[in-house]
Every structure is written in C-alpha cells, then in structure tokens.
C-alpha cells in the first residue's frame, strides 16, 4: 500500500474485535501481511484459531495474562502490555506488516498499562504505508483525534443483560 490509515473501533457495543478480525481476513486474502496483537487477553479463542488457519499471512501474538480482559494481577498485565507495545513497535518499524491490529489496546491505554502517551506516539510515528487498527473501549481523545476513521460500537440491546454468558465462537 502506498498509504495506510489509522482506524479506531471503540464504544460499549459488541463487535470491535470482530470487525478487526474481518478486516484482517480481507487483508490477508488480498495478499497483505497482517500482525494481530491482542492486549489484555491470553488463551485460545475462536478468532485466534481462525486467524492461524491463514498461515504466514497473519501473525498473531497475545500480550495479556488473563482471559478476556479479566486479569488476576493488573501489575502483571501492565508489564505484559508494555512488552507487547514494544513488540508491536518493533514489528511496525521493521517492515514486516502491511496491516497492524492492536486489539484491546485502547483498554490497556485507558488503564494506564502503557507509558503515558505511548499509544498516541505509535499512531503518530507509524510508517505511512501501514494500516493501523486499534480496538477496545475507552479510546483516548487524543488517539481519536489522530485517527483517520473512528467507529463507535453502541450497545442498544444485549442478551448479556439477561444473564447470557459469553459463548465460544460468538463472543470469544
């Protein structure tokens, strides 16, 4: 790509990671190299298994200590998030990807797991030809302002409120 853009998928509604996975699959199908980094998550999920099927076009790495945003040790998750952001920065600047997804990076940033301003710095310094996607609730105002595309997922109605727990293959 000659020019990449910065996407932010945020809000309280369902679908942020799902949208990023869909974009990743589309990009891989078009021959682009994708790096999919997940913050705040660790373990097998349906999306990871599916992305692994795409072989060397999509690299997936997790930078969390808990399962699905519920860390037992927030200090350990902060260390993992900072190491993950360092890893993402290295991949971003060594030319190994055309598309980079940083799933739940907005959450890690809102919890101050990253150094202050580190996510915004990554957005501002990314190579111009890389498409960068940041997902997660609570995207910071400066990150939103720096993005080229912002989608806010809004919860209108969700069966979670009726006691339905997350289901494999649908929510994870």
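Quick notes
- Condition check for residue 142: over 24 Å from residue 22 (Cβ atoms), in contact with a helix residue (DSSP H, G or I) (Cβ under 6 Å, 6 or more places away or on another chain), at pLDDT 95 or above and surrounded by fewer than 16 Cβ atoms within 10 Å (Cβ to Cβ): yes
- One residue stands out in the stretch 146-165 among those that are more than 11 Å from residue 14 (Cα to Cα) and loosely packed, with under 10 Cβ neighbours inside 10 Å: the one that is modelled with the lowest pLDDT, namely 161.
- Qualifying residue in the stretch 86-104 (condition: within 15 Å of the chain's Cα centre (by Cα), under 21 Å from residue 167 (Cβ atoms) and crowded, with 17+ Cβ neighbours inside 10 Å): yes
- Criterion: within 30 Å of residue 165 (Cβ to Cβ), surrounded by 20 or more Cβ atoms within 10 Å (Cβ to Cβ) and in contact with a helix residue (DSSP H, G or I) (Cβ under 9 Å, 6 or more places away or on another chain) - qualifying residue of 37, 66: 37
- Taken over the stretch 69-87, residues that are within 21 Å of residue 123 (Cβ to Cβ) and in contact with a helix residue (DSSP H, G or I) (Cβ under 7 Å, 6 or more places away or on another chain) amount to 2.
- Considering the stretch 4-106, the qualifying helices (runs of 4 or more DSSP H), each wholly inside and each with 1 or more residues that are farther than 18 Å from residue 168 by Cα, run over 16-29, 74-93.
- Looking only at the stretch 117-169, and only at residues there that are free of Cβ contacts under 8 Å to residues at least 60 places away in the same chain and in a loop (DSSP other than H, G, I, E, B), the one that is farthest from residue 89 (Cα to Cα): 163
The values are calculated or read from the model by the stated rules, or taken from the named source; none is laboratory data. Everything numeric in this text was worked out from a predicted model, so none of it was measured. No Cβ is skipped: glycine too gets one built from the backbone with ideal geometry, and neighbour counts run over all protein chains shown.
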